[in-house]
Each structure stands twice: as C-alpha cells, then as structure tokens.
Amino acid sequence: MKKFSFVGAGKMASAIVGGMVRSKVVMPWDIECASGADDTGRNLASATGISYTPDIERLGGETFILACKPQQLAEVASKIGQKDIPLLISILAGTTIEKLRARFPNARKIVRVMPNMPALISMGISCYAPESALNKEEDAKVRSVLEAIGEVVECGEARLDAVTALSGSGPGYVFEFASALIAAGEKLGFDYETSKKLTLRTLLGSALLLEKDEREPEVLRDAVCSPGGTTLAALKVFEEAGFRKTVAQALEAAQKRSGELSKL
C-alpha cells in the first residue's frame, strides 16, 4: 500500500508532490496519483518518479489528498467515495467538511486545507482544519504534506473563511499593489522593465526585512519616514484615501464571499 494517494495532478498537487520528493521526507515510491483524461498525471509521475494510474479506483494509499477541481468532487466520489480511507486531506476551495463527509462516509479522518499560491514555489502558508482531533501520527502525516509547500497553521473550520480572505486571496492583493506601483512608476518616467524591477526588489526586500527584523510593521514604517519627508507625503495620501479602511473592507468582502461559496 502506498502512503499517499493524490486525486488530481494539477498545479497545487504538483507543487505538493514536488516539495515532498525534494525534501525526501517521503520517497517517490510511496506516492501515487490519478488524474482526468489529460496528461497531468503522467507528466507529474515522469517529473517526480511517483506512480501514476489512469484508474482512480485503483488508488489505495493510507492518506488521500483531494486536489482535483471542486466541480469534479461528485464524479470522484462516485468512484472512490465508499473506500475505507484512513486519512482524507482536501484542498478543494469552498468544500466544507460536512460536504466531504457526505461524499466520503467511510473516511476515518477528514482534514480541510486552505493553501495559497506561493505554495507553487514552496513559499506558501497553509491552514488546516480537522473534522475531529488528530492523533500524533495523523497530524504528522498532514504536516508532511503541507510543510512541503511552506509553513503550516492549524485552525478550526469556522476560521477558514477568514483564512481565505487573508492568506488565501492575499497574493492577489499583493499582485494588484505591485501592478499599481509599476504603472505609477511608468507615469513618473521609468520604462516598464525598470519600474517592474524597482517594484519587485522593493516588495521582496521589504517582506524579507519584515520577516527577519523583530520590530513591528508600524515601527519599520516609521523608520523609513523623516519629518517633512517624501515617505510621509506619500503615506498622508494613503491615509486620506482611507487605505486601511479599504483593506479591511476588502478582506470582509472576501470572507463573506468565501462563506457564500461554501454554501453552494
């Protein structure tokens, strides 16, 4: 019996498998995958050395990772929903534990996960919510999967809509801010490539400094400012435009929409 069975072999599944294999916490021969009619499963197996089966019913790992599209859940469950699965981990967006339990009544433990896009470069952060308490071995299995793509935080399922709003959707906010900075730089006279380089290095360097420096973000912000200086002039515009209020409202909207989608 394999240790891990992946249902789906798209970008997120590929990121997780790749991270697991590179870390050598799990060997390729302990992982298998199945996918749809496309070549994603074969490609993932070829790239990582894991096993591939075109027949989803033949999957039989100790831990199943649902990494297909949410709209494929019914079809997947019709084929493997009655299996005795020791541990089922789902990264399906908007799919509640209640829905998973209805589709997989014989799964012994179910864990719902919200990863984020930087998982594609093993720099993500994932929050996981177990249906019921995990024992030490089960928790270690969940973490062995998720730590392959970044850092891990456990939370209750009730918090996952907020997680989606903050870290799940968060990369989109950063990309939008980066796009705005690049465009503004062009208006100041830079060509696109120069403006992009200045923006990316500023964002990356600032994020790394924020991670490594023990000072709070507000303290670091103030350290950039000098009385009557340029940074204060810019921050005043942010303040007058209600920047923080807008960010809070954006997260509230994302959280609300996440809750709505989980009820569909």
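Starting at the first residue of region 94-110, write each ³J(HN,Hα) from the Karplus equation 6.51 cos²θ - 1.76 cosθ + 1.60 with θ = phi - 60°, in whole Hz, x for Gly and Pro.
x, 9, 6, 4, 4, 5, 5, 5, 5, 7, 10, x, 9, 5, 6, 9, 10
Beyond a 19 Å Cα-Cα separation, which of these cross-linked pairs lie in this structure: K11/K141; K11/K83; K24/K212; K99/K263?
Working: K11/K141 21 Å; K11/K83 26 Å; K24/K212 27 Å; K99/K263 10 Å.
As for pairs spanning more than 19 Å Cα to Cα, those are K11/K141; K11/K83; K24/K212.
Order 9-15, 218-224 from most to least packed using the mean count of other Cβ atoms within 10 Å.
For the peptides 9-15, 218-224, the packing ranking is 9-15, 218-224.
Tell me, what are the semi-axes, in whole angstrom and largest first, of the equivalent ellipsoid of region 168-262 as set by the roots of 5 times the Cα gyration tensor eigenvalues?
Each semi-axis is √(5λ); the values are 25, 19, 16 Å.
Under a 10 Å cutoff between Cα atoms, tell me which one of K197, K109, K212 has the largest fluctuation in the Gaussian network model of the chain.
Maximum among the listed residues: K212.
What distance in nm separates the simple spin-label points at L209 and Y173, each placed 7 Å from Cα in the Cβ direction?
Simple spin-label model gives 2.1 nm for this pair.
Expressed as a rounded percentage, what relative contact order does the chain have, with Cα pairs under 8 Å and six or more residues apart? Present the calculation step by step, with values, prior to reporting the outcome.
On the way: 387 pairs, mean separation 37.8, N = 264.
So the answer I get is 14 percent.
Taking amide H positions as placed 1.01 Å from N in the peptide plane, with prolines and chain starts having none, which residues 5 or more places from G124, or on another chain, fall under 5 Å of its amide H?
It is A119, G150, E151, by chain and number.
May I ask you to evaluate 6.51 cos²θ - 1.76 cosθ + 1.60, the Karplus curve with θ = phi - 60°, for each residue of region 232-237 and list the ³J(HN,Hα) values in order in whole Hz, giving x for glycine and proline?
Computed from phi, the couplings for region 232-237 are 4, 4, 6, 5, 5, 5 Hz.
Going highest first, how would you order 226-232, 42-48 by mean Cβ packing within 10 Å?
Highest to lowest by the protection proxy: 42-48, 226-232.
What's the magnitude of the charge dipole for the chain around its Cα centre, counting Lys and Arg as +1 and Asp and Glu as -1 at the beta-carbon? Answer in Debye, nearest 20.
Numbers: 33 positive and 33 negative charges, 81 e Å.
Using Cβ point charges on Lys, Arg, Asp and Glu, the chain gives about 380 debye.
Most exposed first by the Cβ proxy, i.e. fewest other Cβ within 10 Å, how do V174, V113 rank?
The order, fewest Cβ neighbours first, is V174, V113.
Let me have the relative contact order for region 11-109, percent, based on Cα pairs under 8 Å that are six or more residues apart. Let's see the in-between values first.
Numbers: 123 pairs, mean separation 21.3, N = 99.
Relative contact order, region 11-109: 22 percent.
For region 168-262, with only Lys/Arg (+1) and Asp/Glu (-1) charged at the beta-carbon, what is the dipole magnitude about the Cα centre, in debye rounded to 20?
Here region 168-262 has a charge dipole of around 120 debye.
Take the alpha carbon gyration tensor of region 1-151, find the square roots of its eigenvalues, order them as a ≥ b ≥ c, and report rounded if a/c is under 1.5; if not, report prolate when a/b exceeds b/c, else oblate.
The shape class here is rounded.
Which of rounded, prolate, oblate describes the chain, given a ≥ b ≥ c as roots of the alpha-carbon gyration tensor eigenvalues and a/c under 1.5 marking rounded, otherwise prolate only if a/b is larger than b/c?
On the way: a/c = 2.32, a/b = 1.94, b/c = 1.20.
Prolate shape, in that a/c is at least 1.5 and a/b is the bigger ratio.
Only the coordinates and a few stated rules stand behind these numbers; no lab work does. The shown structure was predicted, so the numbers you read here are calculated from the model rather than taken from an experiment. When we count neighbours, we look across all protein chains shown, and the Cβ atoms used for this are built from the backbone with ideal geometry, even at glycine.
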